[in-house]
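First comes the structure, then the notes that go with it.
Just so it is clear, none of the values below were taken in a lab; they were calculated from the coordinates. Computed from a prediction, not measured in an experiment: that's the story for all the values here. Glycine gets a Cβ as well: all are built from the backbone with ideal geometry, and neighbour counts include every protein chain shown.
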Amino acid sequence: MSKQVKNSKRKAIFPPACGCSSYLVHWEKATKEKRPAICSKSGCTNSVDVGAHVFNCSGTSTNSLKVVPLCNRCNNRTNQDCFKLNKGVKIPSASKLSSC
Ligand SMILES: [Zn+2]
Ligand SMILES: [Zn+2]
């Protein structure tokens, strides 16, 4: 099953409070992976522009802010629809991590 997420309505704080130079860097540190070449939204073939803030769609009140590599078009705060991610894409927490 692919994960489903939706954009966060809030504008991301920049630079990230955790000390990373960007949320893409934060994603790389959190996952210990290189950023993907293309956007993580399933079916999108644009190149990655940002580490976008998203929420898990199957989430509850404990749902916390996550980071996922997206293109500028998919990182749309006014779009609250759930969308699927490519298989295997990791969605680490946006808050400060031990690896930051
Ligand atoms: Zn960080
Ligand atoms: Zn995209």
* Convex hull over the alpha-carbon atoms of the chain: what's its volume per residue in Å³? -> 98
* Within the chain, helix-based [θ] at 222 nm, where runs of 4 or more DSSP H residues each add -39,500 (n - 2.57), nearest 500 -> -2500 deg cm²/dmol
* Isolated Cys residues of the chain, judged by Cβ distance under 4.7 Å to other cysteines -> C20, C74
* Taking only pairs that are 8 or more places apart or on different chains, how many Lys pairs in the range 1-86 have Cα atoms under 15 angstrom apart? -> 12
